[in-house]
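Working notes, beginning with the structure itself.
The values are calculated or read from the model by the stated rules, or taken from the named source; none is laboratory data. Small disclaimer: the values here were computed from a predicted structure and weren't measured. Here Cβ is always computed from backbone atoms with ideal geometry, including for glycine, and neighbour counts include all displayed protein chains.
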Amino acid sequence: MPAMTEEKIEKFDVESIRKEFPALSQQVYGKDLVYLDNGATAQKPKVVIDAIERYYSKENSNIHRGVHYLSQKATDSYESARKTIQQYINAPLEEEVLFTSGTTGAINLVAFSFGELLKQDDEIIISAMEHHSNIVPWQMLCERKGCVLKVIPMNDCGELKMDEYSLLLTEKTKLVAVTHISNTLGTINPVKKITQMAHKVGAAVLIDGAQSIQHMPVDMQDLDCDFYAFSGHKVFGPTGVGILYGKKEILDRMPPYQGGGDMIEKVTFEKTTYNGLPHKFEAGTPHIAGGICLGEAFRYLEGLDLVELQSYEKELAIYAERELLKIEGLRIIGTAENKTSVVSFVVEGLHPFDIGTLLDKQGIAVRTGHHCTQPVMNYFGIPGTVRASFAFYNTKKEVDLLVKGVERSVNMLK
Amino acid sequence: MTLEEKQQDIIDEFAIYDDWMDKYEYIIELGKDLPLISENNKTDDRLIEGCQSRVWLDTAVVDGKMQFSADSDAIITKGIIGLLIRVMNNETPEDIATADLHFIGDIGLQEHLSPTRANGLLSMVQKMKLSALKAAAI
């Protein structure tokens, strides 16, 4: 329903939101920046940038171990951020929210520590559309422990074949790890159902939320997943920090991941005992500014009407797909019934790198290549895609510029 | 024409383009027109994998001079390959091994030779120089 989509888009006050993101109002190669690479990283609102400056100007101190004023202040801010995030994702307990270095760090933590509980011939299920960070740690675990890796196949639309998934589940399945939203295809997976089915055979579930936390409400208690991982920098926070949510019951059973300061209770050369949650999994001085400012990013989001934002993003992506499909030879990769915010495409006979390079020179930032999902590219038999990934500060005008830019690029290359 | 003179020629050709898109239009033309590596020479041992685009490179020494042919699955990469081969072809191994390929930066395309670009070009240039070093050592 074309008219409806454009009407919805025009109603949304995107300009007020854009003013809060300093990086958006710059020029590249003498042209206004059109930033459509939010799947790679999101731009930051001024409140988050100010919080970083404020931390290093006034609050910088090591946390958890000091007796002085600044260290107490920094500790309070850091733990308050943890609490904010706990509430945002509706995790039952604060100690179930672990700060990590990012999604990759979080998944590696689970692959190592939860992996220590597994034995030879135990089975792990992932899906055909996973990012390398949700493939490689499991492959490494399987090599280490002699476990078996199984893959849920997908169809040509980029949707998981749920009937095949149910056939893969056995009493040997110990973990199912899937992405919530695909970074390449935009597919929204039915993770609640996936979790229910896994739990029936006694398997735990890890959800890669790197691309979903910023696009939809996520409720740990509603999803009932055992682990949920995401990156701070994709949800308008700093790089170098992320979150792993884990159910207390399972985290308590897992041995520590990294050893060092803060994760210990008592250290002697004969024996060392470990701290409880969450510190057991937070060795060493963390990215303190990162954690505090990630809390700030979530506080910023809480002040917005998220349902409206998400609806706007979805409409923008639908509009973009519709307009792009008018270009001859253009094919959308990832046409799931349920998808959002990511538009990956290829143009017949042209290489994505060429299109992406020419878009760059027109001030349009997209991503090209395999997007760390080589298996997806192999499935579709393509070297890569051009990917435009939207956030709620992108505009209809930017989509129009993208479409014009692609048209111009295609004409130059053909 | 020396290697350096060939570089200067290219710099002069590109000097007329102010606009990025005009520059790339020219590079694309170079990419489309250049007859490069033959299809049956696009073997795995000649392939240089890149994150973004793939490059095939064939090297030979004929009468003491290096002969290169190369190709890419991306047109812009191919166009830049054309320029590199134009400069490096029919030169002695010594000249190639020590060549300072400043012309790429001078025409504003240094990003294509950056390791982060991962388009196979930097690896290709390194392989060309390595093959020249080997030929010079013989």
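What is the residue count in the range A:250-308 for residues that are buried (at least 19 other Cβ atoms within 10 Å of the Cβ) and of a type in the set (K, R)? Selection size over the range A:250-308: 1.
For the range A:20-57, the set of residues classified as loosely packed, with under 13 Cβ neighbours inside 10 Å and either in contact (Cβ under 8 Å) with a residue 60 or more places away in the chain or not in a helix (DSSP H, G or I) (or both) consists of A:Q26, A:Q27, A:Y29, A:G30, A:Y56, listed by residue number. Assigned to a loop (DSSP other than H, G, I, E, B) and not aromatic (F, W, Y): is that true of A:K314 in this structure? So A:K314 does not fit the description; no. The set of residues in the range A:393-414 that are surrounded by 24 or more Cβ atoms within 10 Å (Cβ to Cβ) and within 14 Å of chain B (Cβ to nearest Cβ) comprises A:V406, A:S409.
If you check B:G105, B:G82, which single one turns out to be under 21 Å from B:E13 (Cα atoms), crowded, with 19+ Cβ neighbours inside 10 Å and small (G, A, S)?
Just a single option satisfies the conditions, and that option is B:G82.
Quick one: is A:V67 assigned by TED's automatic domain parsing to the domain that holds A:F227 and over 19 Å from A:G290 (Cα atoms)? Here the answer is yes, as A:V67 does meet what is asked.
With the requirement that a residue be without any contact (Cβ under 8 Å) to a residue 12 or more places away in the chain and not acidic (D, E), what does the range B:45-84 give you? Hits for the range B:45-84 are B:L47, B:A60, B:V62.
Give the range A:348-392 a look and list any residue that's surrounded by fewer than 24 Cβ atoms within 10 Å (Cβ to Cβ), assigned to a helix (DSSP H, G or I) and more than 12 Å from every other protein chain (Cβ to nearest Cβ), or say none. The answer is A:P375, A:N378, A:Y379, A:F380. Restricting the range B:9-36 to residues that are aliphatic (A, V, I, L, M) and in contact with a Leu (Cβ under 9 Å, 6 or more places away or on another chain) leaves a set whose member that is farthest from the other protein chains (Cβ to nearest Cβ) is B:I10.
In the range B:85-99, the residues that are farther than 25 Å from B:I27 by Cα form no Cβ pair under 8 Å with any partner that is modelled with pLDDT of 95 or more and part of a loop (DSSP other than H, G, I, E, B), whether six or more places apart or across chains.
Can you confirm whether the range A:321-330 contains a residue that is buried (at least 23 other Cβ atoms within 10 Å of the Cβ) and under 23 Å from the mean Cα position of the chain (by Cα)?
Among the residues of the range A:321-330, not one is buried (at least 23 other Cβ atoms within 10 Å of the Cβ) and under 23 Å from the mean Cα position of the chain (by Cα), which makes the answer no.
Among the residues of the range A:1-19 satisfying the criterion of being in a loop (DSSP other than H, G, I, E, B) and among the charged types (D, E, K, R), which is nearest to A:S231 (Cα to Cα)? Only one residue fits best here, namely A:K19.
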